[in-house]
1. Of the beta bridges DSSP finds with both residues in the protein assembly as shown, what % are antiparallel, to the nearest 5?
2. Per residue of B:199-206, count partner chain C-beta atoms within 10 Å of its C-beta, then hand back the mean as an integer.
3. Once you average over the residues of B:295-302, how many Cβ atoms of partner chains fall within 10 Å of each Cβ?
4. Dipole size in debye (nearest 20) for chain A around its Cα centre, Lys and Arg Cβ +1, Asp and Glu Cβ -1?
5. What are the residues whose amide H is under 5 Å from the amide H of B:LEU338, where those residues sit 5 or more places off or on another chain and H is modelled from the backbone?
6. Please report B:LEU57, B:LEU50 as a ranked list, fewest other C-beta atoms within 10 angstrom at the top and most at the bottom.
7. Roughly how big is the stretch A:277-380's charge dipole about its Cα centre, with Cβ charges of +1 (Lys, Arg) and -1 (Asp, Glu), in debye to the nearest 20?
8. Using the structure shown, select from A:LYS92/B:LYS492; A:LYS188/A:LYS265; A:LYS139/A:LYS273; B:LYS22/B:LYS492; B:LYS10/B:LYS409 the pairs with a Cα to Cα distance greater than 30 angstrom.
Amino acid sequence: MCFKAKRLFRLALAPVLMLMSAAALAAGGEVSQVNMSPGVTELGKEIYDLHMLILGICVVIGAGVFGVMLYSIVYHRKSRGVTPSQFHESTKVEILWTVVPFFILIGMAFPATTTLLEIYDTDDADMDVLVTGYQWKWKYEYLNEDGENVSFFSNLRTPQSEIYNAESKGEHYLLEVDEPLVLPVDAKVRFLVTANDVIHSWWVPQLAVKKDAIPGFINETWARTSVPGVYRGQCAELCGKDHGFMPIVVNVVSKEEYAEWLAGKQAEASKIKELMAQTFSMDELMTRGKEVYQRNCLACHGANGEGGVGTPIAASPVATGDLGSHLDIGINGVPGTAMQAFGAQINDVEMAAVITYQRNAFGNNMGDMVQPIDVYNHKEG
Amino acid sequence: MGDHHHGPAKGLTRWMFTTNHKDIGTMYLWFSFAMFILGGAFAMIIRAELFQPGMQLIEPAFFNQMTTMHGLVMVFGAIMPAFVGLANWMIPMMIGAPDMALPRMNNWSFWILPPAFLLLASTLFMEGGAPAFGWTFYAPLSTTYAPPSVTYFIFSIHVLGLSSIMGSINIIATVMNMRAPGMTYMKMPLFVWTWLITAFLLVAVMPVLAGAVTMMLMDIHFGTSFFSAAGGGDPVLFQHIFWFFGHPEVYIIILPAFGVVSQIIPAFSRKPLFGYASMVYATAAIAFLSFVVWAHHMYTVGMPIAGELFFMYATMLIAVPTGVKVFNWITTMWRGALSFETPMLFCIGFLVLFTIGGFTGLMLSIAPADFQYHDSYFVVAHFHYVMVAGAVFSMTAAVYFWLPKWCGKMYNETMGKTHFWISFIGFNLAFFPQHFVGLAGMPRRIPDYALQFADFNMMSSIGAFIYGASQIMFLYNVIATIVAGKPTSDEKVWDGAEGLEWTVATPAPYHTFEVPPAVK
């Protein structure tokens, strides 16, 4: 009997032991396959400990409850010829199992409250990053005090050929982007999270951060990462067709590398300013335009302009019609539909290129061109 | 008097115009089973696409339609009508009433259901496709960014709500007015009690859902901006309204299941239910708490800390009455004389798996940890443990338990037990691994996933196919019983079963308790 009870107990504990060994693997930033990861932040470690504590309590209670049930199933069966007892109440026992769980819950509430208060403490941040969700990409904007903000979009880099099984899938399939968010190590980074269209949710498990990105609201959360590395996450709130295809990649680097990277981005921004003043040839516009199209338009309008969620581009009245109104739709979008105002999302060079591309690819062959200065003039009215 | 003893009318009109609670109950049960198969087919498509990483069978847009329709059909088409059907059949027989209090409304509340679902299903063939914004239909994805079919979806929800409200009013009226003399409230079978409380929940929250979809309709067609930030509205408001309906809805689904289990476990333990009074109070406590915990579905929307803490504490409290229920069921089994016929197997399956779902529920209630669980597969695993292993297992148990009384024939016990074991194994294979992938970082509602989730997803798909296939066996067993089951005429089909329904003839005559029974 005693031996049996011990074995039962071990059996009930097996899943917990499995999780704990997995947790040991997970230490040091490795991503676990079967359990929450403690991640690379202090807060993440606290959340992980809380998770394991509650799980442990549940497993112990579960082992007790299921143990009693199993005993009953084995020893109180009719086929053993037992006479059923007829007892059906006991005020003492009933009060006991109402009050005891209540105190267990209070025991859980203490660490939960402390951790929650820390999560909500977004004060005294070293830097701010504005995270904006778009269908279906993220925009990151570094809010610097000198006003020289660095901002860029972060798109899925996994090619369609891997998604549709024409090519073998890479190591970071669906969790790779063209431009990751770069953050310095050991700095308290405050994320201001919002959205441009529908609700998204910015989730990086290793940073223990998840916050809904809601149009019209700016939510706050924060992380202080102690280990440099690349951390991957995904949008967690259903946001339409490509909800599964808007990953997040955070590249945490040393403070020196971060400063270097930031300077590089600022230089890039001034280079784009120069480009805006240039006049491009048709070939240059078409090459750039194709890139921009694939990154921003393809998801809705199709690889060959055949349409999908969006209207077709090939032979469309817009792309083969008046250039001014085509440009207007590109810049201001179509309110009330999924067609966004791309004027704020891509720069004037890219806008000029993609409009030119749409008017001359897919058999549209309009022969006309848009230059960055045209886009600028249109925006200025 | 003679006229009152006629049998059912012949042909189709019997079903069209019937006011008989047993006929209407039967129609509800068959309808809900048809919807269970339809919703299950959607689930099979989802699991087939998720069998491997990469897009193989369907496009992401269609995948979203499938997850949405699966949820809507299962919640509103399968589980809720199944329990209403059971209530129709059993409540009058359990309280010694000749029929439901409002029989003509009863007919109507059933017959508006099929058109509502026809309308909902027809959206699959509309331009732009069916609703693809999840069964929780968060604005503005379900308003500004929705396919045109959303208007049909809204109308369908209105009709479903109407049906539910009428059904609930009928149940409240029946329980309050039609009990046999001597059948005091505290003598009512627990299934009646849980349904009475459920009916109040329904009457309270279905109008809230109707309000939410009406506001959506206004936003889409009449230029208002309830949920559009650009017009001064508030997308989070939608979530508050939705979950004010949605959380009690969870208990609307599970409370009748508690009732069923509380009838069946004592029968096969050959021992009275332990702690009857505390079961009633626990049910009422759960129902009350269900109104003040809705925002635990929204921990990540950016609520103020005070709100976050309130909803966390309130949610944790639900563990107390739920725990009382589980302890009571197990104590009912303790020192009984147990036997393990199919209904009892499904109830024990319920007890084990629902408790696991309860534990994960407690984990989810801890707000700081929920920041990691929220909208991951951990949540998907959690609510399938309570919805499928909770509601659907108990409903299956109920069918096996009362089927011999309904049709006077015995089902095939071996096939029933086989159905249980295949269901149990298939279910756990499908949903247990989802805890792992969720904790490891897989978001829900994605049509394709990163490579590290591949093994568990394949396992999950295989389990889902097994669970799905086992329901065909269930259907076969039920039809075979009705057509060619071994006849039984024992009034008490199960030797340990107690209650008025076991005092009438088997099969239950078309009209029962035309003269009220005496209740001691």
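Since every read-out is calculated from the coordinates, none of them should be taken as a lab result. Keep in mind that what you see is a predicted model, and the values were worked out from it rather than measured. Cβ sites come from the backbone with ideal geometry, for glycine too, and all protein chains shown count toward neighbours.
1. 75
2. Numbers: counts 0, 0, 0, 0, 0, 0, 0, 0.
If you average over the peptide's residues, the count of other-chain Cβ atoms is 0.
3. Numbers: counts 0, 0, 0, 1, 3, 13, 8, 10.
That works out to 4 on average.
4. Rounded to the nearest 20 debye, it is 2720 debye.
5. Answer set, sorted by chain and number: A:ARG77, A:LYS78.
6. B:LEU57, B:LEU50
7. Numbers: 5 positive and 11 negative charges, 48 e Å.
Using only the charged Cβ atoms, the result is roughly 240 debye.
8. A:LYS92/B:LYS492
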